[in-house]
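Contents: one structure, followed by commentary.
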Amino acid sequence: MTRRLLSGDYPRSRMLATLLLLILAGLAFAPFAFPGTRSLDVAAKVCVFILLVASYDLLLGYTGIVSFAHTMFFGIGAYGIAIAATRLGPTWGSLVLGSLVALACSALLSLLIGMLSLRVKTIFFAMITLAVASFFAILASQLSGFTGGEDGLTYKLPQLLLPGTKLLEAPLFGVEINGRIVSYYIVFFTAAALFLALLRVVNSPFGRVLQAIRENDFRAEAIGYRSVIYRSVANCVAALAASAAGILYALWLRYAGPDTTLSFDIMIDILLMVVIGGMGTMYGAVVGATLFVIAQTYLQDLMKLASDAAAGIPLLPDLVHPDRWLLWLGILFILSVYRFPAGIVGKLRGRQ
Amino acid sequence: MSNLLALSGVNTRIGHYHILQGVDFVVPQGGFTMLLGRNGAGKTTCLRTIMGLWKASAGRIDFDGADIAGRSTPAVAQLGIGYVPESMGIFAGLTVRENLTLAARDGPIDEKRLDWMFGLFPALKKFWHLPAGHLSGGQKQMLAIARAMIEPRKLLLVDEPTKGLAPAIIAHMVEAFRELKRTDTTILLVEQNFNFARSLGDTVAVMDSGRIVHSGNMGELAGNEALQYRLLGLSLDAHQ
Amino acid sequence: MSPEKDELPGAVLDKSPLALIPVIALVALPLIPSLPTWVTLTVAGLAMGMMIFIMASGLTLVFGLMDVMNFAHGAFITIGAFVATSVLLPLAGWTRADSLWMNLAAMLLAVLAAMAVTGAIGLAFERVIIKPVYGQHLKQILITMGGLIVAEQLILAIWGPDMIALPKPVTLRGSFIFGDIVIEKYRVLAVLVGLAVFAAMFLVLNRTRVGLLIRAGVEDSEMVESLGYRIRRVFIGVFAAGSALAGLGGVMWALYQETVTSAMGMHVMILIFIVIIIGGLGSVGGCFIGSLLVGLMANYVGFLAPKIALGSNILLMVLILLWRPQGLYPVAKR
């Protein structure tokens, strides 16, 4: 059972397995273990980013391509829900339609970009995706009649998903079972299922060919694999998964805007999560996204203490200022790329 | 005659491949040494290791009285070694003049030497201001050799200069190398074309599978067809 | 020396990409309602193109020579701009004086300071961040992105998160007016500085020994080493010079916008990448033409349909890649 779920790709480290089980348990029982709006928000965000980062790992870690267009596909998913819900009303039918249109757009766009530019160098692809993604972000903020511009879109969802909807008369384990809890579990189970699907992809024969191409493009071609086609398909699968993450995020937030999905800052967050968690491991996405989102929410409180404590020393308070938390993650990122490219997961596995 | 260059026990690894597995041979001062062998025997790797483009993992490379194994490529070149790689390494976007100007490390090109070069390779004079990428294969090879010799060098390393060239141009090349030999330059030349090698070489070393399997006088090898056949797999008609 | 001089041109230049600039300008002419507007937009486009060229040229040259694409280049631009605020704001007496020479002297000081700082940071960046990952493209992209994150955070820590206003020096404000044609003074200055940088780069690359080394190194750095030159030293120098040019471009751009924000570098980087891709990765000449094309396009389309200005440049990039998949001037590599 476990073997089939994980596609035979075990954590291969007792520490890592424990950590993953803790994260799984924490997310599965989040509404009961950590009641409160803020912590449930954090848990949902962790679920969404695990999926988003895992899909990015398929590209970066397994296929060896750097794309800066991942947030674009994330945003297409989110805006698909947002626009459908705004235009067609808060019905299940419009959500399904919005999702399907978003997924189709992502598939088409990713194949187009892949076919046009994946045959060239890694650097070229990175530059092109960066240009296209920023164009898309600017487009989204300028077509304000359609996308809500800089303000984004706030919309209603079907009754079942609204916080006001009570499903049980009495609270369960002291928690009121309402539409938010339903939404959370939709996010949790979809993200978990898609993560396992991605794990299956990287452990399939297809995934092995991708890794062969990453290691040695020429040799893979010589054996007879058309590397452009494999890369394009990987790019497309990653884009679809990113859009799915966008759909889940839009369902959870009931809001879609440039800052939550399309901005370059999110692209940087994804890079930080995948590299610090561990490239090419899939589990790195789980560890990286969880640590990052928790740090994003709670590390700043800690740094405020440090900053206040360092008051009076020149520059130091500025460096440990709560807003500077990315500085330290950036340094950790650089060290990761040099010292332990397999990130935290690699470190944990190496100890065994 | 003393040895200008001597390799002893040189090993070179490229990635997982162990290419040179203990190479020993000498290049006598003032002589013309031919390094022969089949494709993949390690001849090119040998020249690249001497130049420091691959690092030897073990062994000594003595040049002019000093061990140069492990030195950087520019340092090796500055000791007075000119190198013509198999790809020729012509700067296609630079003109013929610029290619040669760059090769003259110690300042402006010596005009007497340049005229002598033009005598050897008249095409270079004709296309002096043309980007080198526009030259024909044979003209590029001549530019590559001229570039390695635009200032006097103690040793010239040349990797398969006849590759892909027409017989008439090869004949011209033989003349040019004879002329170079008269200037008291020591030359180590990698070759597959045995006729070409025989017409120029004084001494010879034969490689196979990353080792030297024969070395001696060219005359000895040229006169012994059985040995040639065993070492190089030459059939009789290849002699024509 | 006997050969006849100048019997053939020094380099056979592929001229068709050059024609794109007048073509774009002429296509725009009938679309724009009046001739004076067209002239104003053309000058504005050329000025913007020159500033982009200043920022992009160093990056493309570094790529051509070392096969390194520095994704943190935008941070150098931002740093240059912030250094300019640190120099120019205290020198308000000079910039507010109604004397062209005082104004230019203040700007010169700001430019020198910015170039010195970004050049020095570039030097350190090459040594510490990039040197260990030469030849590994994936790691290079990641590591320079990491450098970008850290640099942006340091900028925020030093100069604070708020936008800083940076007014132009007094005599560089306003416009020259010829009949109906209005040309901003600062744009003329930008064109002059851009031309000066281009001319200097052209002279260094084509008339000096170092330039010869750089051009040869772009083609085949291994062969340059085999000729006895330590190309690494040239690499470091070019990297520092490219970073200093980013600093110069940052100052020019900041005074053009009259505001400085921590995001400005990343913002311009998108245009810079488009320019480098259009020109051909590693080609300085292609970068120059690409910059002018992008500058003109941005201004014409910005006037006709402001919402799709960036889109038009992406479209331009795609069209040029369909025509020449390696960009206008592909750099010959081994």
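The values are calculated or read from the model by the stated rules, or taken from the named source; none is laboratory data. Please read these numbers as outputs of a predicted model, since none were measured by experiment. Cβ atoms come from the backbone with ideal geometry, glycine included; neighbour counts cover every protein chain shown. Calculation scope for accessible area: heavy atoms of the full protein, side chains included, ligands and nucleic acids excluded. Shrake-Rupley method; radii C 1.70, N 1.55, O 1.52, S 1.80 Å.
Roughly what % of DSSP beta bridges within the protein assembly as shown run antiparallel, to the nearest 5?
Rounded to the nearest five, the antiparallel share is 65 percent.
Would you kindly give the portion of the calculated P(r) for the range C:178-303 that falls above 26 Å, as a percent of all Cα pairs?
32
Mind putting a number on the dipole of the range C:3-323 about its Cα centre? Charges go on the C-beta only, +1 for Lys and Arg and -1 for Asp and Glu, and I need it in Debye to the nearest 20.
400
Ordering A:Thr18, B:Thr203 from largest to smallest accessible area (1.4 angstrom probe), what's the sequence?
A:Thr18, B:Thr203
For the residue pair A:Arg87 and C:Leu26, what label-to-label distance in nm results when each label sits 7 Å from Cα along the Cα-to-beta-carbon direction?
It works out to 4.2 nm between the two label points.
Among A:Asp265, B:Asp159, what's the order by accessible area (1.4 angstrom probe), most exposed first?
A:Asp265, B:Asp159
What is the distance, in nm, between label points placed 7 Å from the Cα along the Cα-to-Cβ direction at A:Ala17 and at A:Leu97?
It is 4.9 nm.
Using the Karplus curve 6.51 cos²θ - 1.76 cosθ + 1.60 with θ = phi - 60°, what ³J(HN,Hα) values do you get for each residue of the range A:207-212, in whole Hz, with x for Gly and Pro?
x, 5, 5, 4, 5, 5
Could you work out [θ]222 nm for chain C from helices alone, using -39500 (n - 2.57) per DSSP H run of at least four and dividing by all its residues? Round to the nearest 500 deg cm²/dmol.
Only helices count here, giving -24000 deg cm²/dmol.
List for the range C:147-163: residues with 40 Å² or greater reduction in accessible area, all protein chains versus chain alone, probe 1.4 Å?
The answer is C:Ile149, C:Val150, C:Gln153, C:Ala157.
Taking one equal scatterer on every alpha-carbon of the range A:250-352, how large is log10 of I(q)/I(0) by Debye at q = 0.16, 0.22 1/Å?
Each listed q maps to, in turn, -0.81, -1.12.
Per Stokes-Einstein, at 10 °C and 1.306 mPa s, what whole-number D in µm² s⁻¹ belongs to the range C:3-323, with the Kirkwood radius over Cα pairs as the hydrodynamic radius?
Translational diffusion coefficient: 77 µm²/s.
Ignoring ligands, DNA and RNA, what percent of the 1.4 Å accessible area of chain B is carbon and sulfur?
50
Put +1 on the Cβ of each Lys and Arg and -1 on the Cβ of each Asp and Glu in the protein assembly as shown; which of A:Thr2, A:Val182, A:Pro90 then has its Cα farthest toward the positive end of the dipole?
Checking the options against the dipole of the protein assembly as shown, the answer is A:Thr2.
Taking N as the number of residues in the protein assembly as shown, what is its Cα Rg relative to 2.2 N^0.38 Å?
1.09
List the accessible area buried at the contact between C and A, summed over both sides and calculated with a 1.4 Å probe, in Å² to the nearest 100.
3600
Just to check, using Stokes-Einstein with a Kirkwood Rh over alpha carbon pairs, what's the diffusion coefficient of chain A at 4 °C and 1.567 mPa s in µm²/s?
This corresponds to a translational diffusion coefficient of 61 µm²/s.
So, for the protein assembly as shown, what is the accessible surface per residue at a probe of 1.4 Å, expressed in square angstrom?
41
Can you list residues from other chains, or at least 5 along the same chain, whose modelled amide H is less than 5 Å from the amide H of A:Ile177?
The answer is A:Leu167, A:Leu168, A:Leu172.
Can you list residues from other chains, or at least 5 along the same chain, whose modelled amide H is less than 5 Å from the amide H of B:His214?
Amide H neighbours of B:His214: B:Val206.
Suppose we compare each residue of the range C:304-334 in its chain alone and in the full protein complex with a 1.4 Å probe; which ones drop by at least 50 Å² of accessible area?
Checking the loss per residue gives C:Lys307, C:Leu310, C:Ile314.
Only Cα pairs under 8 Å and at least 6 apart count here; give the relative contact order of chain A as a rounded whole percent.
Normalised by residue count, the contact order of chain A is 29 percent.
Based on the inverse mean of 1/r over its pairs of different Cα atoms, what is the Kirkwood hydrodynamic radius of the range A:201-276, in Å?
Evaluated on the range A:201-276, it is 14.6 Å.
With r defined as the distance between the Cβ atoms of C:Ala305 and B:Asn193 and R0 fixed at 41 Å, what FRET efficiency is calculated, to the nearest 0.05?
The computed FRET efficiency comes out at 0.05.
Which FRET efficiency, nearest 0.05, do C:Lys131 and A:Leu302 yield, Cβ-Cβ r, R0 35 Å?
The formula returns an efficiency of 0.55 here.
As a test of reading the structure, rank C:Thr261, A:Thr2, A:Thr63 by solvent-accessible area (1.4 Å probe, protein chains only), most first.
A:Thr2, C:Thr261, A:Thr63
Restricting everything to alpha-carbon atoms, can you work out Rg to Rh for chain B with a Kirkwood hydrodynamic radius?
Reported Rg/Rh (Cα atoms, Kirkwood Rh): 0.96.
Of the accessible area of the range A:2-351, with the probe set at 1.4 angstrom, what percent is carbon plus sulfur?
68
Which links in B:Lys154/B:Lys181; A:Lys121/B:Lys140; B:Lys125/C:Lys15; B:Lys140/B:Lys163 stretch past 18 Å when you go from one Cα to the other?
In this structure, A:Lys121/B:Lys140; B:Lys125/C:Lys15 lie more than 18 Å apart at Cα.
Along the range C:108-121, what does the Karplus equation 6.51 cos²θ - 1.76 cosθ + 1.60 (θ = phi - 60°) give for ³J(HN,Hα), rounded to whole Hz, x for Gly and Pro?
The phi angles translate into 4, 4, 4, 5, 4, 4, 4, 5, 5, 5, 5, x, 5, 5 Hz.
Just how far, in whole angstrom, is the range C:309-331 from the range A:281-349 if you go by their alpha carbon centroids?
39
Using a 1.4 angstrom probe on heavy atoms only, work out the carbon and sulfur share of the accessible area of chain C in %.
70
With each run of n ≥ 4 DSSP H residues scored as -39500 (n - 2.57), what mean residue ellipticity at 222 nm is computed for chain A after dividing by its residue count and rounding to the nearest 500 deg cm²/dmol?
Taking each H run of at least 4 residues, the total per residue is -22500 deg cm²/dmol.
Can I get the semi-axes of the range A:162-316's equivalent ellipsoid? Compute them from the C-alpha gyration tensor as square roots of 5 times the eigenvalues, in angstrom, largest first.
In descending order the semi-axes read 36, 27, 14 Å.
At a probe radius of 1.4 Å, figure out the C/B buried accessible area, summed over both chains, and give it in Å² to the nearest 100.
The summed interface area works out to 2800 Å².
Return the distance in nm (one decimal) between the two label points of a simple spin-label model at B:Ala104 and B:Arg182, each offset 7 Å from Cα along Cα→Cβ.
2.3
How about the range B:97-122: which of its residues lose at least 40 Å² of accessible area in the presence of all protein chains relative to their chain isolated, using a 1.4 Å probe?
For the range B:97-122, once contacts with the other chains are taken into account, B:Glu98, B:Leu102, B:Arg105, B:Glu111 lose 40 Å² or more.
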